[in-house]
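Taking it in order: structure first as structure tokens, then the write-up.
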Amino acid sequence: MAKQYNYVNYSKASFPESEMLERSRQFYNWMNERRTVRDFTAQPIADEVLNNILLTASTAPSGAHKQPWTFCVVTNPEIKKQIRIEAEKEEKISYEGRMSDEWLEDLEPLGTDWHKPFLEIAPALIIVFKRSYEFMPDGKKRQNYYVTESVGLACGFLLAAIHNAGLAALTHTPSPMNFLSKVLNRPENEKPFLLIPIGYTTSDCKVPDLKRKDLSNIVVRY
Ligand code: IYR
């Protein structure tokens with residue numbers, strides 16, 4: 001039988017309602033400034049900043065607290081170049097035939113294409129892998145739970161931490177992305193989930209002037 005956790009006291013910090021109102025408003029305003037960007041400078045990111053961002057991502061809740069994620073951080077120019085070459089190979093095939101007309105039409109306003117220079121320019125690429133199971137010391141496999149949900153949550157925390165640090169990111173999903181397992185030599189229990197270039201924005205960085213849905217379009221109250 002597995003041993004139970006030792007339960008410890010937890011006193012959640014809270015705030016008077018007026019302060020809560022102000023904090024929630026400020027946090028929303030701050031998060032609403034986060035944008036997905038594709039224009040990065042090559043300026044490197046301090047290791048300690050990267051580590052704090054990754055530790056924040058790993059505070060996300062996960063099924064049975066398995067933390068079923070691996071974050072590969074690539075700063076090596078040769079490996080970034082290899083990733084760009086492989087990603088562009090797949091993206092070119094996707095844009096030139098694999099993606100449906102409807103999908104291409106939906107992407108038209110964003111103006112994306114198969115060229116991915118940011119994969120080489122951004123100072124760091126965080127490649128998030130999901131771990132569907134673990135190898136036990138005796139070599140047996142042990143399942144993880146709600147892996148997609150857990151890793152999705154960790155990625156949300158990761159993006160918030162990147163934004164909070166004053167850095168920008170792109171949630172990139174080259175498709176298919178199994179080439180990442182090969183390039184990064186990952187074990188078979190890990191599957192690529194998201195490729196996140198991270199860095200500083202260029203001075204002439206542009207983002208689409210898009211609007212976010214308002215409350216009435218995202219919330220149903222009962
Ligand atoms: N993965 C491709 C296509 C793409 C798909 C979606 I959905 C986007 O929001 C943006 C791009 C690419 O990265 O270009």
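What follows is calculated from the coordinates using simple rules that are stated; it is not laboratory data. Model, not experiment: these values are computed from the prediction. Heads up, the Cβs are rebuilt from the backbone with ideal geometry, glycines too, and the neighbour counts pull from every protein chain shown.
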q = 0.14 Å⁻¹: log10 I(q)/I(0) that the Debye formula gives for the chain, counting C-alpha atoms only
-1.06
Taking the Cα atoms of the stretch 16-145 alone, what are Rg (to one decimal) and Dmax (as a whole number) in Å?
19.6, 56
Order of 39-47, 128-136 by packing, highest average Cβ count within 10 Å first?
128-136, 39-47
Can you pull out the GluC sites (Glu not before Pro) in the stretch 140-222 that DSSP calls coil and that have at most 14 other Cβ atoms within 10 Å?
Glu188
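Could you work out the helix-only [θ] at 222 nm for the chain, with each DSSP H run of four or more residues adding -39,500 (n - 2.57) and the total divided by the number of residues, to the nearest 500 deg cm²/dmol? Intermediate results must be reported in sequence, preceding the final value.
On the way: 8 runs with 82 residues, N = 222.
Computed mean residue ellipticity for the chain: -11000 deg cm²/dmol.
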Could you tell me the calculated FRET efficiency between Ser216 and Ser175, based on Cβ-Cβ distance and R0 = 41 angstrom, to the nearest 0.05?
0.80
For the stretch 104-118, in order, what is each residue's ³J(HN,Hα) by Karplus, 6.51 cos²θ - 1.76 cosθ + 1.60 with θ = phi - 60°, in whole Hz (x at glycine and Pro)?
4, 5, 5, 8, 3, x, 7, x, 7, 8, 7, 6, 10, x, 4
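Considering Cα pairs under 8 angstrom that are at least six residues apart, work out the relative contact order of the chain and quote it in whole percent. If you can, show how the numbers build up before the last one.
Details: 297 pairs, mean separation 69.6, N = 222.
It comes to 31 percent, rounded to a whole number.
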Between Trp69 and residues 5 or more places away or on another chain, which pairs have amide H atoms under 5 Å apart, with H built 1.01 Å from N, and which residues are they?
Arg131
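What do the square roots of 5 times the Cα gyration tensor eigenvalues come to for the stretch 112-222, in whole Å, largest first, as semi-axes of the equivalent ellipsoid?
On the way: eigenvalues 174, 100, 33 Å².
Semi-axis lengths for the stretch 112-222 are 30, 22, 13 Å.
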I'd like the Karplus ³J(HN,Hα) series for the stretch 66-81: coefficients 6.51, -1.76, 1.60, θ = phi - 60°, whole numbers in Hz, and an x wherever there's a Gly or Pro.
8, 6, x, 9, 10, 9, 8, 10, 10, 10, 5, x, 5, 6, 4, 5
Using θ = phi - 60° and the Karplus curve 6.51 cos²θ - 1.76 cosθ + 1.60, what whole-Hz ³J(HN,Hα) does each residue of the stretch 42-52 get, with Gly and Pro shown as x?
8, 3, x, 9, 4, 4, 5, 5, 4, 4, 5
At the level of C-alpha centres, the distance separating the stretch 122-141 and the stretch 158-222, in angstrom, is 19
What size of dipole, in debye to the nearest 20, comes out for the stretch 36-218 about its Cα centre when the only charges are +1 on Lys and Arg C-beta atoms and -1 on Asp and Glu C-beta atoms?
660
Between the stretch 85-110 and the stretch 33-58, what's the alpha-carbon centroid distance in Å?
26
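Would you work out the Kirkwood radius for the stretch 123-162? I mean one over the mean of 1/r across all pairs of different Cα atoms, in Å.
11.8
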Using per-residue counts of other Cβ atoms within 10 Å, averaged over each peptide, order 194-203, 51-60 from highest down.
194-203, 51-60
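In debye to the nearest 20, how big a dipole does the stretch 111-215 give about its Cα centre with +1 on each Lys and Arg Cβ and -1 on each Asp and Glu Cβ? Write down the numbers at each step before the final one.
Values: 13 positive and 10 negative charges, 58 e Å.
Using Cβ point charges on Lys, Arg, Asp and Glu, the stretch 111-215 gives about 280 debye.
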